[in-house]
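The values are calculated or read from the model by the stated rules, or taken from the named source; none is laboratory data. Worth saying up front: this structure is predicted, and the values here are computed from it rather than measured. Cβ placement follows ideal geometry from the backbone for every residue including glycine, while neighbour counts extend to all protein chains displayed.
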Amino acid sequence: MSTQQSYEAAAAGSPQETAEFDQGHQSFIQKFQHLLHVTPSLVPLIVLVLSVIVFGLLLGSKFFSPFALTLILQQVGIVGIVACAQSLVILTAGIDLSVGAIMVLSSVVMGQFTFRYGLPPEIAVVCGLICGTFCGFINGWLVARMKLPPFIVTLGMWQIVLATNFLYSANETIRSQTIAAEAPLLQLFGEKIKLGGAVFTYGVIFMVLLVILLAYVLRHTAWGRHVYAVGDDPDAAELSGVKVNRVLISVYMLSGLICAFAGWAMIGRIGSVSPTSGQLANIESITAVVIGGISLFGGRGSILGTFFGALIVGVFTLGLRLLGADAQWTYLLIGLLIIAAVAVDQWIRKVSV
Amino acid sequence: MSTQQSYEAAAAGSPQETAEFDQGHQSFIQKFQHLLHVTPSLVPLIVLVLSVIVFGLLLGSKFFSPFALTLILQQVGIVGIVACAQSLVILTAGIDLSVGAIMVLSSVVMGQFTFRYGLPPEIAVVCGLICGTFCGFINGWLVARMKLPPFIVTLGMWQIVLATNFLYSANETIRSQTIAAEAPLLQLFGEKIKLGGAVFTYGVIFMVLLVILLAYVLRHTAWGRHVYAVGDDPDAAELSGVKVNRVLISVYMLSGLICAFAGWAMIGRIGSVSPTSGQLANIESITAVVIGGISLFGGRGSILGTFFGALIVGVFTLGLRLLGADAQWTYLLIGLLIIAAVAVDQWIRKVSV
Amino acid sequence: MEPILKARGLVKRYGRVTALDHCDFDLMPGEILAVIGDNGAGKSSLIKAISGAVIPDEGEVWLEGRKVQFTSPIDAREEGIETVYQTLAMSPALSIADNMFMGRELRKPGWRGNLLRQLDRARMEEIAREKLNELGLMTIQNINQAVETLSGGQRQGVAVARAAAFGSKVIILDEPTAALGVKESRRVLELIQDVKSRGIPIILISHNMPHVFEVADRIHVHRLGKRLCVIDPKAHSMSDAVAYMTGAAEPAAELAEA
Amino acid sequence: MEPILKARGLVKRYGRVTALDHCDFDLMPGEILAVIGDNGAGKSSLIKAISGAVIPDEGEVWLEGRKVQFTSPIDAREEGIETVYQTLAMSPALSIADNMFMGRELRKPGWRGNLLRQLDRARMEEIAREKLNELGLMTIQNINQAVETLSGGQRQGVAVARAAAFGSKVIILDEPTAALGVKESRRVLELIQDVKSRGIPIILISHNMPHVFEVADRIHVHRLGKRLCVIDPKAHSMSDAVAYMTGAAEPAAELAEA
Amino acid sequence: AEGVTACLITKTDTNPFFVKMKEGAEAKAAELGMTLKSFAGKIDGDHETQVAAIETCIADGAKGILLTASDTSSIVPAVQQARDAGLVVIALDTPLEPIDAADATFATDNFLAGELIGKWAAASLGDEAANAKIAMLDLAVSQPTVGVLRDQGFLQGFGIDLGDPNKWGDETDPRIVGNDITAGNEEGGRRAMENLLAKDPMINVVYTINEPAAAGAYEALKAIGRENDVLIVSVDGGCPGVQNIKDGVIGATSQQYPLLMASKGIEAISAWASTGAKPEPTPGKAFFDTGVALVTDQPAEGVESIDTNEGMNLCWG
Ligand SMILES: Nc1ncnc2c1ncn2[C@@H]1O[C@H](COP(=O)(O)OP(=O)(O)OP(=O)(O)O)[C@@H](O)[C@H]1O
Ligand SMILES: Nc1ncnc2c1ncn2[C@@H]1O[C@H](COP(=O)(O)OP(=O)(O)OP(=O)(O)O)[C@@H](O)[C@H]1O
Ligand SMILES: O[C@@H]1[C@H](O)[C@H](O)CO[C@H]1O
Ligand SMILES: [Mg+2]
Ligand SMILES: [Mg+2]
């Protein structure tokens, strides 16, 4: 038992401390770069702050008023909530093209259960939330158990859920006045708190709380770390003891649930229950996620980034419109700005390696 | 120079042939499985053939006629061409959300250059092709040189190109009759060859030739192998001597060029030059690619698969309409069938490991 | 004595490639069993088949006399079988501590752990640091580094530290020292003997003959997808082992039955 | 004599981690230079910096006396520097032959190659097979296997075979035998000597002291991100080398200048 | 009304109909020295973008909004918010639900537009109308209101029992071969026509949601050589559409007047800004009817129509 190769013994007297290096002149800039490096969501935050400042300078008080700034929050509210759901799925290296459809079907269920079947609105809301979660479960089950690509699963579900929505609702809108009179609970997220000129709807507050909650869960719980691990390398995660299927199914279910909440919040925002809403939710939520710095290949990025990403688009949209650009020019400029925002992001990241 | 550890010498007399194993009873099924394994595009082909058979049995000669079958080819013609472009980009682990916009802008350029500026149609067509290639070049440059995520780049370009298209064309359609009278070259791809009841448009023939050409290039040229290597692992490709940036830019340029051809083919199909066409080209082309078995993570799959993927969607759409499903139900069923098609594909693959 | 882990007639084919060809396997309680063989002989495939990472086409596995059928590595882990795969199985973008505690994270004590289910990062980092120091990996400067930024050997060290810290019934190490330096390899060997002294049997795959002969109680020689023979390192020389595994010599008939 | 490859004052930092700390380097024409050091000492970072795979924060590199600034490994390759990276740099989904000829594919003779630019698969496969056989990798049953399905050692063998086949001015091998079996490692050592006899200098990073002392003309000892000293294997023992690289002993002052 | 800001919010920015509406509004605004800001949904039926646009107009301090609503009842709370903030809101083209949610409405009657082409088709076929085979080329699966109104108006005019008048596709009349969707463009029109032709190649009447869809349907018919024995009817009466009637592509179309709607709307905002007066509706109707006219070169008995020369003069209004 002691065929030990003799030269190996020479290593015995080696020092026992961890290596340390003189970092040289650690200037402020270098410290800042390091901070950016360890907190990637700071980058979209910087882009956001820069764009607020630029539009503020260009537009003055029209833009830089509590009213306009909180208006942006309201305008990105729904997309922000949906983008949270989308972030979770994208973190697992998936994609959810059915978010918009699930959102609108859930809101239709809330509305129709109340008005068609006469259920109490509380129960109808719960049914809507269950509906969303169930759609998410189907997505998750197909992705995790059947090993189908998320893109296809949710593309299929998008069509299925949307068609179901149109068939079930018979394309009928439930009018805002009716809801306000008979089931105001459905419009809960439309309630506002006013502070000076600033207007915060419950929907906006919900979005902010949701972002904080998810940021906590992703960072500070085991489940959160597993979400990252699954997105990073599912085989490695499986081999090192993560119940990959369970994590995937739970992520898609949670995504469905959040979309159902978004559907509820949407009733609050637009007042009525309309089966044609939410058609742009897919592309807008994915845009927010990607501008926010989450990799479409999974496992990298943070939910705070998504939040800032959604706000960046909101700021650009409102700012450009107030500057008087007309619709096609706005689209064109937003296209340019999206690319520019990500280029700045990329550049800051590169500087900060 | 001969501290060689003595025991290593014992390996000297080891045999020099490659290991071989008795494969046991290589039944027909096993050989078939192996074939599926080495030719992954066979799987969507099988799904395609199965669905043609099923619809043929259900619908009889209404579906199983040369007319209906070639009609499917015509209906998937444009998507098929665009899906070729999309496949190339997705093979490099990218995605091109601007395909539809590039297609329609190119067709508008061909039309407007002919009719607004009075250029000969040959030159206008060339300008349109250059326009598409140039849009692709911008995409490629941003992806390769600026290292921006393809999703964002092409999302931005989508908005930019589409807005340019609407601004430039002033939303004016150039009518089919005018084109037929003054610049029939623009409608070239609408010309047909009839063989019995079967109708082949030049557009369909172009699509088939394009698929064959790309299949050859991807499989049998160095550039083709580099496309796969870049999609597989760009760092590894770079380290092993592939000019990754050059490959990426060339892929996006080629994609733009193919989209411009699709735009030309579209003029042939719808007769007129219409700035509102092509709105579904993104999602439909990606669907075809994914159903055809190309991985969205790049580096795996074949262009033939894409071709079959496009045909599968075409068969389902027409088949269901002929079975009498109305538009909403068709939509729902196509959702189900897309999932089912990929599930069958996955199952066949699993069996064949 | 009954083997703690036993396999019979394992077959695994990948298309036209045969990785395991009716392979047998035995691990005795408390022993260090080395598995040696040429590149591509099927060693990794063998341990994947017994740890649930791949499902064999044919053949059976017994753990402590019970027939088991692991369908995932989690099944095996829940039975106390801890494996360091050759590919290391780590999440590149996550930190060292995250990776070490993946699937068995520690929570904060009290309500923050129970109610908020908050992870105890500080403790996990501290333990991770300690385990790495035990292996002599003093060049890891930042315990929060993403695993993908570690050097080849550092990465391997993290994987080995993880298995040693958590294995309870069997520990499987697939080439644990391949990328390690002289000092770090030495530490791993010490660790292996440490684990053995806690009564836990170890399967060690290695190409390093001096190391194998130093620590192994028995040596399973793998060749062309099957167990060629099992030899006693005290009764055979390294040259014998090398000759058998490369096919330069045939083992005596009775060895093949060992 | 002028070094064929020379570097002075290389620095590479990754955030808070220092990988190279004002490191010097010299490779003489026709020699085999071994680089040894602890895990994470910065050996891979060093060769990445001189082969263009990473761009150093500070420092300069000379090739044959000319100052060079490689911004990508392709630049280095075009100068005839061929590298086997520790991570192997292969495209997992592509076949062995595809990987070996990546970036320098052979085309069919005649119009099919010139006009249709058709690859000569048959010849590439044949050459690939031959190169692998030279390394004794007899277990590779199917030359069209995707690299991701190869065993750890087989994969490494493919990478080494590639470098040996194409290197013209300098060949750099980062732990080429780490995952290789006894027989296959032996072949690689023979190959290294073969290459040297063709007059091509080699940089060899390895943790295997007997191998290093067997083939190296000079040994560069790397420690904590810099060159600690350069020793002559005939004048020093393995124990000396190990003591220097692990920090257990300090080299004599004059060595550090070698 | 110098310096007054007005907003125009349309359903999309990609439909020539709305492009013309925008041009009309811009011209009028320039004439009156007003600033016009125009907004549009990204796709037809995109309701949220319209809500955001109304909010932006409020934040921008505009005096009035011209709105073609994508979702006629869902938009009402947002409209109310604008009115509460002192803006005048005028619905163009599409009445809100309820119609008095807007301060005024300048619109075409879309149901009437459909009815006219339905009557014309039935009258042109004469006795053959009883054996007609009809293809219905609609807008989108979401059944937006314009689409439903025109579709159902057409069927009513043709003499077909509607079932539920709030949705299409529930009719049982065997003369209807099927409904398909076109997205309102040429490509969708061609594909939908092909699908229905594969179902029944003997279709002889084609209703289309608008003229681009009609042009696409025509290409499909031409491809099988049936372009001359099928009646295509449509809605809009845009200049290319009227030209297509001249060329025999479309049989008849119901013409609307978006430029008129827009310029009237701008005038109304200007009046509101200077005098606080709101426009009056057409006597006997809840809205100001900008009118609809059937354009065809083959007038049918019992259906009033104008010919293409007049249609050309009036196109886009
Ligand atoms: N997924 C797979 N697909 C196809 N062939 C495979 C796959 N995995 C392994 N093989 C093949 O099976 C054989 C055995 O591989 P294995 O990894 O078990 O070898 P090994 O003995 O561990 O080799 P090494 O010492 O190099 O790690 C090899 O020929 C390998 O190419
Ligand atoms: N991309 C990176 N980001 C952060 N740190 C890095 C990165 N690459 C290397 N390092 C760190 O730099 C140091 C040197 O790494 P390097 O890979 O050069 O070591 P090595 O000497 O090759 O070690 P081994 O023998 O284990 O291969 C290590 O501490 C490593 O963690
Ligand atoms: O209401 C509009 C117009 O009438 C036009 O025909 C376009 O389609 C509808 O949305
Ligand atoms: Mg192995
Ligand atoms: Mg290294």
*Look at C:Arg162 and say whether it is in contact with a Gly (Cβ under 7 Å, 6 or more places away or on another chain), in contact (Cβ under 8 Å) with a residue 24 or more places away in the chain, more than 16 Å from ligand 5 (Cβ to nearest atom) and in a helix (DSSP H, G or I).*
no
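When you scan the stretch D:29-63, how many residues do you find that are surrounded by fewer than 16 Cβ atoms within 10 Å (Cβ to Cβ) and touching a Lys or Arg at 6+ places or on another chain (Cβ under 8 Å)? Spell out the reasoning first.
The first filter runs over the stretch D:29-63 and keeps only residues surrounded by fewer than 16 Cβ atoms within 10 Å (Cβ to Cβ), leaving D:29-30, D:55, D:57-58, D:60.
In the following step, the residues that additionally are touching a Lys or Arg at 6+ places or on another chain (Cβ under 8 Å) were identified as D:30, D:57, D:60.
Residues that pass the stated criteria total 3.
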*Scan (1) under 19 Å from B:Tyr228 (Cα atoms); (2) modelled with pLDDT of 90 or more; (3) more than 16 Å from ligand 1 (Cβ to nearest atom) for the single condition D:Ala97 breaks and write down its number.*
(3)
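Out of all the residues in the stretch A:77-93, is one or more within 22 Å of A:Leu214 (Cβ to Cβ) and outside any helix (DSSP H, G or I)? Can you show your working first?
Step one: list which residues in the stretch A:77-93 are within 22 Å of A:Leu214 (Cβ to Cβ), which gives A:77-93.
Of the ones still in play, those that are also outside any helix (DSSP H, G or I) are A:92-93.
The answer is yes, given that some residue of the stretch A:77-93 is within 22 Å of A:Leu214 (Cβ to Cβ) and outside any helix (DSSP H, G or I).
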*Restricting attention to the stretch C:136-145, does a residue exist that is away from ligand 2 (no atom under 13 Å from the Cβ), within 9 Å of another protein chain (Cβ to nearest Cβ) and either surrounded by 19 or more Cβ atoms within 10 Å (Cβ to Cβ) or under 25 Å from A:Asp235 (Cα atoms) (or both)?*
no
*asked:* Name the single residue that is nearest to ligand 1 (Cβ to nearest atom) among those in the stretch C:78-94 being of a type in the set (D, E, K, R) and in contact (Cβ under 8 Å) with a residue 60 or more places away in the chain.
replied: C:Glu82
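In the stretch B:170-177, is there at least one residue being farther than 20 Å from B:Leu91 by Cβ and in a helix (DSSP H, G or I)?
Residues of the stretch B:170-177 farther than 20 Å from B:Leu91 by Cβ: B:170-177.
Restricting the remaining residues to those that are in a helix (DSSP H, G or I) gives B:176-177.
Scanning the stretch B:170-177 turns up at least one residue that is farther than 20 Å from B:Leu91 by Cβ and in a helix (DSSP H, G or I).
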*Are any of the residues in the stretch B:95-108 out of contact with any Phe, Trp or Tyr (no Cβ under 7 Å at 6 or more places or on another chain), among the hydrophobic types (A, V, I, L, M, F, W, C) and surrounded by fewer than 23 Cβ atoms within 10 Å (Cβ to Cβ)?*
no
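Would you tally the residues in the stretch A:32-77 being among the aromatic types (Phe, Trp, Tyr) and buried (at least 20 other Cβ atoms within 10 Å of the Cβ)?
Counting residues in the stretch A:32-77 that are among the aromatic types (Phe, Trp, Tyr) and buried (at least 20 other Cβ atoms within 10 Å of the Cβ) gives 2.
Kindly indicate which of A:Thr114, A:Thr92 is touching a residue at least 60 places away in the same chain (Cβ under 8 Å), under 21 Å from A:Leu186 (Cβ atoms) and among the hydroxyl-bearing types (Ser, Thr, Tyr). Full working, then the answer.
Details: A:Thr92 fails: under 21 Å from A:Leu186 (Cβ atoms).
After ruling out the rest, the residue left standing is A:Thr114.
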_Matching residues, the stretch A:223-253, being facing chain C (nearest Cβ under 8 Å), buried (at least 21 other Cβ atoms within 10 Å of the Cβ) and assigned to a helix (DSSP H, G or I)_ = A:Arg225, A:His226, A:Tyr228, A:Ala229, A:Asp232, A:Ala236, A:Ala237, A:Glu238, A:Leu239
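Looking at B:Ile123, B:Ile138, B:Ile160, B:Ile130 in this structure, which one is within 11 Å of chain A (Cβ to nearest Cβ), surrounded by fewer than 24 Cβ atoms within 10 Å (Cβ to Cβ) and more than 18 Å from A:Thr330 (Cβ to Cβ)?
On the way: B:Ile123 fails: within 11 Å of chain A (Cβ to nearest Cβ); B:Ile160 fails: more than 18 Å from A:Thr330 (Cβ to Cβ); B:Ile130 fails: within 11 Å of chain A (Cβ to nearest Cβ).
Exactly one residue qualifies, and that residue is B:Ile138.
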*Does any residue in the stretch A:172-198 that is over 19 Å from A:Ala265 (Cβ atoms) come within less than 9 Å, Cβ to Cβ, of a residue that is part of a strand (DSSP E or B) six or more places away or on a different chain, and which pairs are these?*
A:Glu172/A:Val273
*Long-range neighbours under 6 Å by Cβ, at least six apart or interchain, first residue within 12 Å of chain E (Cβ to nearest Cβ) within the stretch A:261-274, second of a type in the set (D, E, K, R) and outside any helix (DSSP H, G or I)*: A:Ser272/A:Arg175; A:Ser274/E:Asp71
*Here is a list of conditions, (1) of a type in the set (D, E, K, R); (2) outside any loop (DSSP other than H, G, I, E, B); (3) within 14 Å of chain B (Cβ to nearest Cβ), and E:Glu128 meets all of them except one; can you say which number that is?*
(3)
*Residues E:Thr10, E:Thr5: which one is away from ligand 1 (no atom under 16 Å from the Cβ), within 11 Å of chain A (Cβ to nearest Cβ) and more than 16 Å from the chain's Cα centre (by Cα)?*
E:Thr5
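Could you count how many residues in the stretch C:170-210 are assigned to a helix (DSSP H, G or I), within 16 Å of ligand 2 (Cβ to nearest atom) and of a type in the set (Ser, Thr, Tyr)?
The initial filter retains those residues of the stretch C:170-210 that are assigned to a helix (DSSP H, G or I), namely C:182-197, C:209-210.
This time we only want the ones that are within 16 Å of ligand 2 (Cβ to nearest atom), so: C:182-188.
Pick out the ones that are also of a type in the set (Ser, Thr, Tyr) and you get C:185.
Residues that pass the stated criteria total 1.
In the stretch C:100-123, which residue that is closer than 24 Å to C:Glu82 by Cα and of a type in the set (A, V, I, L, M) is surrounded by the fewest Cβ atoms within 10 Å (Cβ to Cβ)? If you could, list the steps in order and put the result at the bottom.
Step one: of the stretch C:100-123, the residues closer than 24 Å to C:Glu82 by Cα are C:100-107, C:119-121, C:123.
Filter once more, so that each one left must be of a type in the set (A, V, I, L, M): C:100, C:102, C:106, C:119.
Details: C:Met100: 27, C:Met102: 24, C:Leu106: 16, C:Leu119: 23.
Restricting to residues being closer than 24 Å to C:Glu82 by Cα and of a type in the set (A, V, I, L, M), the top hit is C:Leu106.
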_Let me confirm something: among E:Leu231, E:Leu221, E:Leu259, which residue is hydrophobic (A, V, I, L, M, F, W, C) and free of Cβ contacts under 8 Å to residues at least 60 places away in the same chain?_
E:Leu221
*Restricting the first residue to the stretch D:137-150 and requiring it to be under 14 Å from C:Ala19 (Cβ atoms) and touching a residue at least 40 places away in the same chain (Cβ under 8 Å), which pairs with a second residue that is part of a strand (DSSP E or B) and away from ligand 3 (no atom under 16 Å from the Cβ) meet a Cβ separation below 8 Å and a spacing of at least six or different chains?*
D:Gln145/C:Val17; D:Gln145/D:Ser95
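Which is away from chain A (no Cβ under 13 Å) and surrounded by fewer than 23 Cβ atoms within 10 Å (Cβ to Cβ), of D:Ala235, D:Ala248, D:Ala216? Give the derivation first.
On the way: D:Ala248 fails: away from chain A (no Cβ under 13 Å); D:Ala216 fails: surrounded by fewer than 23 Cβ atoms within 10 Å (Cβ to Cβ).
The match here is D:Ala235.
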_So, in the stretch C:78-87, exactly how many residues are surrounded by fewer than 23 Cβ atoms within 10 Å (Cβ to Cβ) and either facing another protein chain (nearest Cβ under 7 Å) or assigned to a loop (DSSP other than H, G, I, E, B) (or both)?_
4
*Mind listing whichever residues of the stretch E:22-60 are in contact (Cβ under 8 Å) with a residue 60 or more places away in the chain and either in contact with a strand residue (DSSP E or B) (Cβ under 6 Å, 6 or more places away or on another chain) or farther than 13 Å from E:Asp93 by Cβ (or both)?*
E:Lys22, E:Glu23, E:Ala25, E:Ala27, E:Lys28, E:Ala29, E:Leu32, E:Met34, E:Leu36, E:Gly45
*Could you tell me whether the stretch C:15-23 includes any residue that is in a loop (DSSP other than H, G, I, E, B), over 18 Å from C:His220 (Cα atoms) and within 14 Å of chain D (Cβ to nearest Cβ)?*
yes
_The one condition in (1) in a loop (DSSP other than H, G, I, E, B); (2) at pLDDT 90 or above; (3) out of contact with any strand residue (DSSP E or B) (no Cβ under 7 Å at 6 or more places or on another chain); (4) near ligand 2 (Cβ under 9 Å from one of its atoms) that D:Lys48 fails to fulfil_ = (1)
*Any chance E:Val76 is buried (at least 22 other Cβ atoms within 10 Å of the Cβ) and free of Cβ contacts under 8 Å to residues at least 40 places away in the same chain*: yes
*Would you confirm whether any residue within the stretch A:295-302 is crowded, with 24+ Cβ neighbours inside 10 Å and assigned to a helix (DSSP H, G or I)?*
no
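Restricting to the stretch B:275-312, name every residue that is aliphatic (A, V, I, L, M) and within 12 Å of chain E (Cβ to nearest Cβ).
Of everything in the stretch B:275-312, those that are aliphatic (A, V, I, L, M) and within 12 Å of chain E (Cβ to nearest Cβ) turn out to be B:Leu280, B:Ala281.
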